[in-house]
Each structure stands twice: as structure tokens, then as C-alpha cells.
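The values are calculated or read from the model by the stated rules, or taken from the named source; none is laboratory data. Quick caveat: nothing in here was measured; it's all calculated off a predicted structure. Every residue, glycine as well, gets a Cβ built from its backbone with ideal geometry; the counts of neighbours run over all protein chains shown.
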Amino acid sequence: MQRVLTGHPGPSLIAVAREAELPVPRRSDISGFDPRIGQDCVKLIESSGGVGFDCYDLETGLVSPSPGFCQLYGLDSTEARPLDYFQSFVHPADRHTGQFGETLIRTGARLTRELRIVRADGIVRWLSFKGEVVLGQDLSPDHVLGIWMDVTDLRSAAELLDQSRKRFQTLAQACGAVTWTASENGVQLSLDLEGWCALSGQPRDAAAGGGWIEIIHPQDRIRLRETWLQSCATGNNLDIDVRLIQTGASDLWLKMRAKAVRNAEGRIVEWLGVLLPRPFPAGADARSCASTSGGRQYRLTSEQVRAARGLLGWSGQDLARASKVSISTIRRIEEQTGPLQIRHKLHFDIRQAFEKAGIEFTFGPDVHPGVRPR
């Protein structure tokens with residue numbers, strides 16, 4: 001019958017070498033080591049809670065648990081019991097990861113596992129284990145020593161952090177933003193490559209490894225670097241507009257924002273940032289009035305013009321006065337639907353008038369054009 005182990009690794013490489021008829025190193029002589037030190041260390045470690053040890057005898061098939069191990073499992077007795085008894089505590093969903101055949105004892109692999117157990121009182125806990133095979137006098141596997149740690153709280157904290165990251169990512173995607181993070185000293189840690197490639201049209205391979213910065217306009221790249229270094233030195237937010245170099249189309253404008261994340265002591269631990277499509281910031285020249293994303297051009301729509309007027313409380317005459325575009329042209333474009341069918345110069349003047357008044361227009365692939373206060 002095959003002996004099954006729960007959460008324990010195979011033997012050291014000594015046993016493997018022996019089976020392969022290779023020179024086998026002898027175990028170190030520890031005959032002078034005081035056994036009380038080992039016992040006292042176990043008691044000291046287990047007194048902190050959440051830690052336990054066990055010893056699995058490969059000859060008898062019995063597992064001898066320590067007091068700390070019994071506390072983890074919710075047991076009252078440190079009596080040695082068959083391995084199957086302790087396997088019965090493993091959560092059904094994790095039994096496929098918690099059992100190892102005897103052949104794995106002879107691989108020399110050092111295994112670690114995290115699995116759930118259902119304690120004797122019905123409480124579910126996450127445990128992490130590390131084990132080591134101890135050889136007998138004949139250098140064959142004799143018993144397995146294991147250390148078990150309760151990692152339930154660590155798992156819960158990791159899940160909360162992951163949920164927080166996913167919420168942040170989902171919210172950013174809903175706003176058409178590309179997220180990125182940096183270390184406390186400003187070194188980039190991550191970038192939403194999928195979102196970036198969809199926004200910029202840059203191939204994934206070219207964008208990876210910091211390559212995304214290469215398609216930022218050279219002049220803006222210098223300005224971005226200086227502004228970013230200043231933010232890292234002062235802890236102030238980053239807020240800057242930059243252009244991406246687009247082939248065969250007008251440059252795509254982006255707004256880069258970042259805010260420092262601080263710990264309880266106020267020290268910066270990381271930076272969270274977003275890249276927002278900003279096709280035509282105020283002050284740009286008229287050649288950039290048609291914004292782009294991935295090579296696709298965007299123009300203001302009649303719906304955006306009407307919505308922007310409504311946000312500002314402007315009449316058609318107010319817009320005509322601010323943009324220096326005739327009232328007849330304003331009326332004509334508001335009677336249309338979809339992208340404005342007017343000359344670039346008129347498009348530029350209307351958009352600049354709105355942006356000077358505090359309006360921001362949003363665009364993105366497969367997203368309806370939007371309007372919002374800046």
C-alpha cells in the first residue's frame with residue numbers, strides 16, 4: 001500500500017545520491033548538542049502562538065504533534081495518531097494539494113504548502129507548512145519533521161489588498177485611465193500595459209520594460225522628468241500634460257497624474273498614478289484640434305457642445321462671443337448630430353473657448369464622448 005504524506009517534502013539530496021550510487025556525505029556530528037536547547041526552543045517559539053511542530057515516523061506511520069500543533073488543530077491531546085487522522089482535518093477543497101505520495105520522499109525536493117484545515121471546533125484556518133526528511137543511521141528516510149504556522153490573518157490582509165487594487169483598477173478603467181505605480185523614490189513598478197497599448201496604439205513588446213516612455217514627445221519627456229523629480233523630492237502631486245508621438249496623425253495629448261501613498265508616520269511608501277486621455281489641452285496649436293487614440297481621430301460632437309454650454313449656463317450668443325465664431329455657425333453645428341463638420345480653425349476656437357472656461361472633453365475607444373468640469 002502506498003503511504004501518503006500530508007504537507008511534507010521528500011528526503012534531502014543525500015538519499016538521492018545514495019540511490020544513484022554517488023558519494024554520500026555523512027551527517028554532521030551533533031553528539032555534543034544539549035537536547036534541552038531544542039526542547040526549550042520549541043517551547044519558546046510555540047509560546048508566541050500560531051506555530052506548531054510535528055514528527056511523522058515513516059516506519060510506524062504515526063504523527064506525534066507538539067502542544068502548539070494541537071492548538072492549531074483545536075485538539076486537547078498530544079497523543080501520536082495515524083496520518084489519516086490528521087489528513088481528515090484538511091479542507092475538502094485543499095486535499096489535492098495537501099497529500100503527497102511516498103515517491104516524493106525520494107525526490108529531494110523541498111516542498112512548501114498553504115492549505116486550509118477545519119479545526120475540531122469547526123473553525124476554518126489557513127496553515128503554512130515547511131518540512132524536512134531526517135535520515136536514519138543507514139542514510140534512508142527515517143522520519144519527517146514539520147513546522148506549521150497559522151497564516152489566516154496574513155491571507156485575509158492579502159485578499160483585502162488585492163480587492164483594493166482591483167477596485168482601483170476597475171474605477172480607473174471606467175474613467176478611461178491607464179494606471180501605473182512607482183516606488184517611494186520614483187522608480188516605476190507597474191503599468192497597465194493592456195490599457196496603455198489600447199490607448200496609445202504602441203505594440204506591447206515595445207511598451208514593456210519602460211519602452212512606453214519612448215513615444216512621449218522629446219520636449220515633453222524632458223519636462224516630465226524634471227516635474228517628476230520635483231514631485232518625488234517634495235512629495236507634491238504630479239499633474240502634467242504630455243504628447244505622444246503618433247504616426248500619420250496629430251499628436252495624442254495625455255494628462256499624467258500621481259499622488260503619494262503615505263504610511264501612518266507620513267512617510268511615502270509608493271506612488272499611484274493614472275494616464276488620462278486629454279486630446280486637446282488649452283493652449284495647444286490648432287493642428288492638434290483633432291485628437292487621436294491608437295491612430296484614430298476624434299473631434300468634438302454637437303452633443304458635447306450642447307452639454308458644455310449647459311454646464312456653463314451659456315447661451316448660443318455667449319459661446320459665439322467667447323469663441324469669436326458667428327452665431328449662425330453655432331446654431332448650425334448644434335442642429336447637427338455627431339462630430340462637428342466645420343473647418344479646423346473654427347473647431348479650435350470653439351474648443352479653446354470652452355477649455356478656458358473650465359470644461360474638459362473626454363474621448364476613448366468604444367466610449368461615448370463626454371464632458372466634465374476641469
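Of the residues Leu145, Leu160, the single one that is within 30 Å of Gly52 (Cβ to Cβ), loosely packed, with under 15 Cβ neighbours inside 10 Å and either touching an Asp or Glu at 6+ places or on another chain (Cβ under 8 Å) or among the basic types (Lys, Arg) (or both) is Leu145. Among the residues of the range 324-344, those identified as in a helix (DSSP H, G or I) and either acidic (Asp, Glu) or at pLDDT 85 or above (or both) are Ile327, Ser328, Thr329, Ile330, Arg331, Arg332, Ile333, Glu334. In the range 175-202, the residues that are within 14 Å of Pro277 (Cα to Cα) form Cβ pairs under 7 Å with partners that are of a type in the set (Lys, Arg), at six or more places apart or across chains, as follows: Cys197/Arg204.
Residue pairs whose Cβ atoms lie under 9 Å apart, sitting 6 or more positions apart in sequence or on different chains, and linking a residue in the range 346-360 that is on the phi > 0 side of the Ramachandran plot to a partner that is surrounded by fewer than 21 Cβ atoms within 10 Å (Cβ to Cβ), are Gly358/Leu311; Gly358/Leu312; Gly358/Pro373; Gly358/Arg374.
Just one of the listed residues (Gly266, Gly248) is more than 21 Å from Val371 (Cα to Cα) and modelled with pLDDT of 90 or more, and it is Gly266.
For the range 172-194, the candidate set comprises residues that are over 22 Å from Gly235 (Cα atoms) and at pLDDT 85 or above; within that set, the residue that is surrounded by the most Cβ atoms within 10 Å (Cβ to Cβ) is Asp192.
From the list Val133, Val151, the lone residue that is among the β-branched types (Val, Ile, Thr) and in contact with a Phe, Trp or Tyr (Cβ under 6 Å, 6 or more places away or on another chain) is Val151. Against the condition over 17 Å from Leu72 (Cα atoms) and outside the structural domain of Asn237 (by TED's automatic domain parsing), how does Pro141 come out, does it pass? Answer is yes for this residue. Number of residues in the range 130-181 that are out of contact with any helix residue (DSSP H, G or I) (no Cβ under 9 Å at 6 or more places or on another chain) and assigned to a strand (DSSP E or B): the value is 8.
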